[in-house]
Amino acid sequence: MWGGRFAEGPSAIMREINASIPFDQKLWKQDIAGSRAHVAMLGKQGIVDADDVAAIDAGLARIADDYAANGVPVDPALEDIHMTVESRLAELVGPAAGRLHTARSRNDQVATDFRLWVRDAIDAVDAGLAAFQHALLARAEEHAATIMPGFTHLQVAQPVTLGHHLMAWFEMVRRDRSRFADARTRLNRCPLGSAALAGTGFAIDRHATAKALGFDGPTDNSLDSVSDRDFALDYLMSATQCALHLSRMAEEFVIWASQPYGFVSLPDAYSTGSSIMPQKRNPDAAELVRGHSGRIAGCMVALTMTMKGLPLAYSKDMQDDKPPVFEAHDLLALSIAAMTGMVETTRFVPERMRAAAEGGFSTATDLADWLVREGNVPFREAHHITGRAVKLAENEGVALAALPLEALQAIDARIDDRVFGVLTVDASVASRRSHGGTAPDQVRTRIAEARAALGAAA
Ligand code: ARG
């Protein structure tokens, strides 16, 4: 491609370090789409004549069919996907193929191809996350009133419902989708026609190619266009945040599936056995989602480090942008699918959850709140009185609700038998009707709103 200036070819090592075709072959569809848009525009602008445009376009269409059927041939001598396609085009249509690269460079070409690929990746992730949200809504609806312990510091804190907990996960996913949507909006400008770095003297129409490729318009600075990889970093940062959420959910599955908890029984389809301990049922899928999140964050750091300190405009370091994005995308797509499957198929064990919620004096706050409401006791004092009641119950080895009225009245005479109405886990949960609270009617309202919003977006 640059034989005019060079007397000798590259060494084998140069060829190997220089080649991106082993991984950028993934961009073949985007590369061909970009070239077809470019050559059509060159024809319209009278830069390449109609016969050559037709020959080039037919050749590109044929290459696309061939790659779809047989895969991309990998020849490291051809360096990257751009040269692989162009050299094949030359074999198919002869010297006219040489006109395709008019008014462009591989620098704007790769920036365009990669944006198109990342855009598709965002759309695929978004579809996966939407399916995950539907799974969460279905299970949350089923368990809108199923009592479980809510934790802080992983200590039983107050009773909540499983539906409320699953809707907390839903909110995390809602933010993830909005983060990817933001990334997509910023991504969707077309660098094609920025050429090597300075733009071109040919009378090209960048608005036309941008439109043909589904972009909102062309980018506005040619130097920035060929050196910008923010879109890839935006993707990786959004992916990292999403993976962190999935990892936290996965961790809860791991805890819940552990025998001392027994909150869930994982289905055969998402667990594995042990080759030595016949009784084992391991939450491997959840553990791998948790593990993959670390690798995804690693991909984000890898590209961050690659880009750090690069001067304008293109530098070959940037060829290393693709492997971390490809790797993170595969890991994230699989993690979303695995979490969706687990949420859809896990058997929750309400009896175990309720028993755990009834332990740990989880309604102590309700007793304190009752003293404030019914006895006009300042909250700090109510907290203290309740602490003494908890201590007594602990010494007696009973739940708060099982303490005799006389024992409670000995602690504070303002307590009367109406207090027992607030000490059960069901009463506690039902009372938490503040917006976003855990009362089943609140949870059901949030589910209905979420479902409507999802439907409207779809
Ligand atoms: N394979 C290259 C990459 O992925 C294409 C751009 C090459 N540009 C250059 N000036 N050598 O970055």
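Each of residue 277 and residue 13 was given a label point 7 Å from its Cα along the Cα-to-Cβ line. The distance between the two points is 5.0 nm. Helical runs assigned H by DSSP (4 residues or longer) give the chain a calculated mean residue ellipticity at 222 nm of -20500 deg cm²/dmol, each run adding -39500 (n - 2.57) before division by the residue total.
Over the Cα atoms of the chain, the radius of gyration divided by the Kirkwood radius equals 1.16; this is the Rg/Rh ratio. Sorting 235, 261, 270 from the fewest to the most surrounding beta carbons within 10 angstrom yields 261, 270, 235. For a modelled paramagnetic label at residue 414, 7 Å from Cα along Cα-to-Cβ, the residues of the stretch 369-399 in reach, with backbone nitrogen under 20 Å, are 369-392.
Distances between placed amide hydrogens fall under 5 Å for residue 363 paired with no residue 5 or more residues away or on another chain. Straight-distance candidates among the lysines for linking to residue 308, with alpha-carbon spacing under 28 Å and chain neighbours fewer than 8 residues away dropped: 26, 316, 322. Using alpha-carbon positions, what is the distance between the centroids of the stretch 249-309 and the stretch 164-235, in Å? Their Cα centres are 32 Å away from one another.
By the count of neighbouring beta-carbon atoms within 10 Å, fewest first, 190, 299 end up ordered 299, 190. What the phi angles of the stretch 156-172 give under the Karplus curve with 6.51, -1.76 and 1.60, with θ = phi - 60°, is a coupling list of 4, 10, 9, x, 9, 10, 4, x, 5, 5, 5, 6, 5, 4, 4, 4, 4 Hz, glycine and proline written as x. Computed from backbone phi with θ = phi - 60° and the Karplus coefficients 6.51, -1.76 and 1.60, the 3J(HN,Hα) list for the stretch 435-448 is 3, x, x, 8, 4, x, 5, 4, 4, 5, 4, 5, 5, 4 Hz; x is used for glycine and proline. Available extension along the chain between residue 351 and residue 131 is 76.3 nm, counting 0.36 nm per residue and deducting the alpha carbon span.
Listed by Cβ neighbour count within 10 Å, with the fewest neighbours leading, 118, 173 appear as 173, 118. Karplus-derived 3J(HN,Hα) values for the stretch 193-206, using 6.51 cos²θ - 1.76 cosθ + 1.60 with θ = phi - 60°, are x, 6, 6, 5, 5, 10, x, 9, x, 6, 7, 7, 10, 5 Hz; glycine and proline are entered as x. Near residue 148, the amide H atoms lying under 5 Å from its own belong to 160, 161, 162; only residues 5 or more places off or on other chains count, and H is placed 1.01 Å from N. Length gained on full extension, residue 441 to residue 66: 129.3 nm, using 0.36 nm per residue less the C-alpha separation.
Read-outs: derived from the displayed coordinates by stated rules, not from any lab. Owing to the predicted nature of the structure, the values given are computational and were not obtained by experimental measurement. Reconstructed Cβ throughout: ideal geometry from the backbone, glycine too, with neighbour counts over all protein chains shown.
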